[in-house]
Amino acid sequence: MATLGAMASAMTMEIDGPDGPREVRISSPDRLMWPGDGITKGDLAAYMVAVGDPLVRAIGDRPVTLQRFPEGIEGEEFYQKNPPKGMPAWIRTVSCRYPSGRRHPQLVVDEVAAAVWAVQMNTVTFHPWPVRADDNDNPDELRIDLDPQPGRDFGDAVTAAFALRELLAELGLTGWAKTSGNRGVHVYARIRPTHEFLDVRHGVIGIARELERRLPDLVTSSWWKEERGERVFVDFNQACRDRTIASAYSPRPLPGAPVSMPVTWDELGSVAPSEFTVLTVPEIVADRGDAWEGMNDTVGDIGPAIALWDKDIERGLGELNFPPDYPKMPGEPPRVQPSKRRTDRTDEDYLKPKAERDADLREQWVMPVVPPIPPMLARPSKKLVEGEVSYEPKWDGFRSIIFRSGDLVEIGSRNEKPMTRYFPEVVEAVLANFPEKAVIDGEIVVVRPGAAPDGAPGEDRLDFDLLQQRIHPAASRVQKLSVETPASFVAFDLLALGDRDLMGEPFEVRRAELEKALAAAQAPIHLTPATRDPAVAQDWFQQFEGAGLDGIMIKPLDGTYEPDKRTMHKLKHERTADCVVAGYRTHKTGDDLIGSLLLGLYDAEGTLASVGVIGAFPMARRRELFEELQPLVAEWDDHPWAWARQEEGQRTPRKGEGSRWNNGKDLSFTPLRPERVVEVRYDHMEGVRFRHTAQFVRWRPDRDPLTCTYAQLEEPVSYDLADVLDA
């Protein structure tokens with residue numbers, strides 16, 4: 001039973017539990033979690049109470065990942081693995097081991113009040129592991145995800161589910177079905193926890209292949225989308241460690257507030273997923289109870305399923321691909337789409353397990369974290385996210401994870417390729433300032449001294465163009481530039497220190513350790529400023545742009561370091577400008593498709609200057625644009641960029657503004673009469689050009705091209721970079 005107590009902008013729910021009533025405070029209960037459906041945070045909390053018993057029966061005593069939406073399903077989302085800061089002491093946690101070998105705690109939802117508290121944290125969907133808390137290396141739940149590919153629908157997944165039920169029965173397993181909350185069907189079976197994840201995954205692959213043999217036109221176990229066709233994919237990788245499925249009775253972040261709903265096999269053939277929502281499921285459960293109530297009484301053995309795998313091995317079938325965030329596994333096929341695989345390479349060229357490579361590197365580096373590691377990423381945010389977070393300036397440079405072990409130094413990059421040779425002065429600074437053994441994430445930047453955006457002397461500013469010039473093939477040029485335009489390194493995260501792997505620690509801990517590790521560091525090694533005050537962060541967002549910075553980073557204090565995953569947020573400046581369309585380049589797939597449009601602005605002298613491009617159009621629109629623009633194709637003699645004619649087929653419209661990363665790329669273009677105006681979205685300028693590719697907003701037939709000048713651009717107030725580094 002739950003009772004409510006009203007507060008000014010919150011409500012308190014009293015919820016019965018195994019140890020007596022719990023009080024859970026729900027802030028902002030009127031926040032719209034599903035804006036299109038009018039369903040609020042308070043409605044979601046009430047839903048959790050209404051389905052609490054069957055929900056806890058499904059996810060209780062299991063490690064759980066929370067899928068959180070602080071601003072509702074139309075806002076930013078993130079997955080919470082570490083227990084959130086401020087979690088009540090009565091909520092249990094358990095230590096889990098991840099594919100990397102690291103361990104960290106995850107929460108366990110053992111009572112309805114814990115689920116309601118998760119709603120207070122804006123959780124929409126629960127993702128439980130298929131293991132029990134006290135034995136979380138051996139799954140006790142077989143989960144099979146039937147995912148209809150384009151051209152198939154829920155009805156096809158239902159057909160596959162009934163065939164799967166028969167197969168499971170032949171293997172001594174009892175299948176239990178639920179809607180996915182979208183287009184698919186999930187089939188579960190209880191198993192004895194006698195085998196670890198890899199064995200259970202092999203059992204699922206054996207089941208998937210056998211189901212495919214029985215229904216070859218309907219079912220596929222092909223990992224690569226290009227090979228699946230119009231069939232139902234059996235997602236065998238949901239059986240991997242740290243891979244989870246939305247739980248029974250979990251709402252989904254989709255319009256209509258659908259629920260992943262357990263159903264009886266008699267019901268499955270006639271239901272529609274849209275019948276089960278946050279608003280309808282409580283009444284259904286009250287009327288007919290929990291369709292999965294007897295699941296724990298039907299425990300089977302995974303052995304016969306593994307036997308299917310073994311028979312396939314005898315037939316010559318082997319391992320299948322693992323998820324992309326997994327290390328390369330023994331026996332795994334090449335992680336290359338079949339259509340892109342090179343015929344001049346053997347399996348042995350692809351198959352060396354990452355574990356073996358890492359072991360060699362650990363021996364070389366004598367550290368728990370070794371190169372290469374892709375950096376952790378951020379997803380864009382429309383506003384400054386608040387809460388238990390840390391704010392930092394967003395630096396505009398080369399993202400780099402730097403490894404130091406004694407005299408060994410490697411500067412990693414966003415694409416995991418080393419950049420060490422290009423920055424000898426940074427290597428020297430690392431040896432002088434880093435701890436003896438450390439792995440530090442940060443940004444390499446180049447400072448242009450004594451020049452603000454308006455040309456005024458005396459203020460330092462970041463210069464990305466100068467930084468790009470540092471990537472040069474000639475060693476003599478690299479050495480010369482290291483003196484003329486020396487780089488700096490701005491540190492903002494710590495992955496390892498000494499013999500300690502810190503990637504599983506909360507960011508709050510990593511930041512404190514980083515501050516101590518670099519307490520005595522001298523330029524050009526810097527520690528990025530950080531604050532937990534959103535007002536200070538907002539000031540930084542406005543002020544620091546004048547020093548060439550890119551925006552604000554927002555990092556959850558309890559977040560672990562997850563390589564190549566977008567677990568942070570970034571807030572960047574967003575502006576619009578009206579530009580002249582002065583030419584186009586065709587798309588790489590066809591000469592009758594627009595690849596990009598070349599943009600221009602008129603300077604004070606009336607000269608049309610090249611400022612950037614826009615290129616993100618749907619394929620159908622690219623063809624339409626090509627046809628629309630043909631009447632505007634101009635002769636070179638009549639074009640303001642006529643000087644580009646002699647460079648046609650080379651790096652134009654301005655050689656210095658070409659593709660630095662692909663010198664062989666043809667950047668020639670077709671000139672257009674400068675008569676069309678387009679409104680574009682951009683973040684900031686780098687010199688006289690857009691720093692990043694601009695985004696199409698709309699055509700402006702009402703604008704005179706001659707009025708599209710630099711004067712319309714918002715000019716950030718200049719700010720000395722030295723003040724940022726001293727903040």
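Residue-wise test of (1) of a type in the set (Asp, Glu); (2) under 22 Å from VAL200 (Cα atoms); (3) assigned by TED's automatic domain parsing to the domain that holds ASN122; (4) modelled with pLDDT under 90.
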position: MET329; (1), (2), (3), (4): no, yes, no, yes
position: VAL336; (1), (2), (3), (4): no, no, no, yes
position: THR346; (1), (2), (3), (4): no, no, no, yes
position: ASP349; (1), (2), (3), (4): yes, no, no, yes
position: LYS352; (1), (2), (3), (4): no, no, no, yes
position: LEU361; (1), (2), (3), (4): no, no, no, yes
position: LYS383; (1), (2), (3), (4): no, no, no, yes
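Look through TRP117, TRP129 and report the one residue that is under 24 Å from LYS555 (Cα atoms) and in contact with a strand residue (DSSP E or B) (Cβ under 8 Å, 6 or more places away or on another chain).
TRP117
Exactly one of these conditions fails for PHE126: (1) in a helix (DSSP H, G or I); (2) within 20 Å of PRO70 (Cβ to Cβ). Give me its number.
The failed condition is (1).
Here's a check for you: in segment 463-481, which residue that is among the polar types (S, T, N, Q) and more than 26 Å from GLY546 (Cβ to Cβ) is surrounded by the most Cβ atoms within 10 Å (Cβ to Cβ)?
Filtering segment 463-481 for residues that are among the polar types (S, T, N, Q) and more than 26 Å from GLY546 (Cβ to Cβ), the one surrounded by the most Cβ atoms within 10 Å (Cβ to Cβ) comes out as GLN479.
Residues are listed down the side, and each one gets a yes or a no for (1) at pLDDT below 75; (2) among the basic types (Lys, Arg); (3) part of a loop (DSSP other than H, G, I, E, B); (4) assigned by TED's automatic domain parsing to the domain that holds GLU71:
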position: ALA355; (1), (2), (3), (4): yes, no, no, no
position: GLU386; (1), (2), (3), (4): no, no, yes, no
position: PRO393; (1), (2), (3), (4): no, no, no, no
position: ASP396; (1), (2), (3), (4): no, no, yes, no
position: ARG421; (1), (2), (3), (4): no, yes, no, no
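Check whether at least one residue in segment 517-534 is polar (S, T, N, Q), over 20 Å from ASP441 (Cβ atoms) and either over 19 Å from the mean Cα position of the chain (by Cα) or part of a strand (DSSP E or B) (or both), and report yes or no. Reasoning before the result, please.
Going residue by residue through segment 517-534, those that are polar (S, T, N, Q) are 522, 528, 531.
Going one step further and asking which of them are over 20 Å from ASP441 (Cβ atoms), we end up with none.
Within segment 517-534, none of the residues are polar (S, T, N, Q), over 20 Å from ASP441 (Cβ atoms) and either over 19 Å from the mean Cα position of the chain (by Cα) or part of a strand (DSSP E or B) (or both).
I'd like to know if segment 143-150 contains one or more residues that are out of contact with any strand residue (DSSP E or B) (no Cβ under 8 Å at 6 or more places or on another chain), in contact (Cβ under 8 Å) with a residue 24 or more places away in the chain and not basic (Lys, Arg).
Yes, the conditions are met somewhere in segment 143-150.
Any residue in segment 183-200 that is modelled with pLDDT under 95 and touching a strand residue (DSSP E or B) at 6+ places or on another chain (Cβ under 7 Å)?
The answer is yes, given that some residue of segment 183-200 is modelled with pLDDT under 95 and touching a strand residue (DSSP E or B) at 6+ places or on another chain (Cβ under 7 Å).
Among residues belonging to segment 199-249 that are in a helix (DSSP H, G or I) and without any contact (Cβ under 8 Å) to a residue 24 or more places away in the chain, point out the one that is surrounded by the most Cβ atoms within 10 Å (Cβ to Cβ).
The residue in question is GLU212.
Tally time: how many residues in segment 520-554 are of a type in the set (D, E, K, R) and touching an Asp or Glu at 6+ places or on another chain (Cβ under 7 Å)?
1
Which numbered condition in (1) buried (at least 18 other Cβ atoms within 10 Å of the Cβ); (2) assigned to a strand (DSSP E or B) is the only one that PHE541 fails?
Every listed condition holds for PHE541 apart from (2).
Which is over 25 Å from GLU319 (Cα atoms) and surrounded by fewer than 24 Cβ atoms within 10 Å (Cβ to Cβ), of THR179, THR174? Even if it seems obvious, please write down each step before you answer.
Details: THR179 fails: surrounded by fewer than 24 Cβ atoms within 10 Å (Cβ to Cβ).
Residue meeting the stated conditions: THR174.
Within segment 135-174, which residues are within 14 Å of VAL234 (Cβ to Cβ), small (Gly, Ala, Ser) and more than 33 Å from the chain's Cα centre (by Cα)?
Once the filter is applied, which keeps residues that are within 14 Å of VAL234 (Cβ to Cβ), small (Gly, Ala, Ser) and more than 33 Å from the chain's Cα centre (by Cα), segment 135-174 yields only ALA163.
Would it be correct to say that PRO640 is under 22 Å from ARG703 (Cα atoms) and modelled with pLDDT of 90 or more?
Spelling it out, it is not the case that PRO640 is under 22 Å from ARG703 (Cα atoms) and modelled with pLDDT of 90 or more.
Does ASP301 count as under 30 Å from ASN136 (Cβ atoms) and touching a helix residue (DSSP H, G or I) at 6+ places or on another chain (Cβ under 6 Å)?
no
Could you count how many residues in segment 296-309 are charged (D, E, K, R) and loosely packed, with under 14 Cβ neighbours inside 10 Å?
Of the residues in segment 296-309, 1 are charged (D, E, K, R) and loosely packed, with under 14 Cβ neighbours inside 10 Å.
Look through ASP591, ASP564 and report the one residue that is surrounded by fewer than 17 Cβ atoms within 10 Å (Cβ to Cβ) and part of a loop (DSSP other than H, G, I, E, B). Can you show your working first?
Details: ASP591 fails: part of a loop (DSSP other than H, G, I, E, B).
That would be ASP564, the only listed residue that is surrounded by fewer than 17 Cβ atoms within 10 Å (Cβ to Cβ) and part of a loop (DSSP other than H, G, I, E, B).
Please find, within segment 282-301, the residue that is farthest from ALA58 (Cα to Cα) out of those that are within 38 Å of the chain's Cα centre (by Cα) and of a type in the set (A, V, I, L, M, F, W, C).
Looking at the filtered set, the residue picked out is ILE284.
Checking the structure you have, find out if any residue of segment 281-297 is modelled with pLDDT of 80 or more, touching a Pro at 6+ places or on another chain (Cβ under 9 Å) and of a type in the set (Asp, Glu).
Yes, the conditions are met somewhere in segment 281-297.
The values are calculated or read from the model by the stated rules, or taken from the named source; none is laboratory data. Here the structure is a predicted model, which means the values were calculated and not measured. Note that each Cβ is placed from the backbone with ideal geometry, even for glycine, and that neighbours are counted across all protein chains shown.
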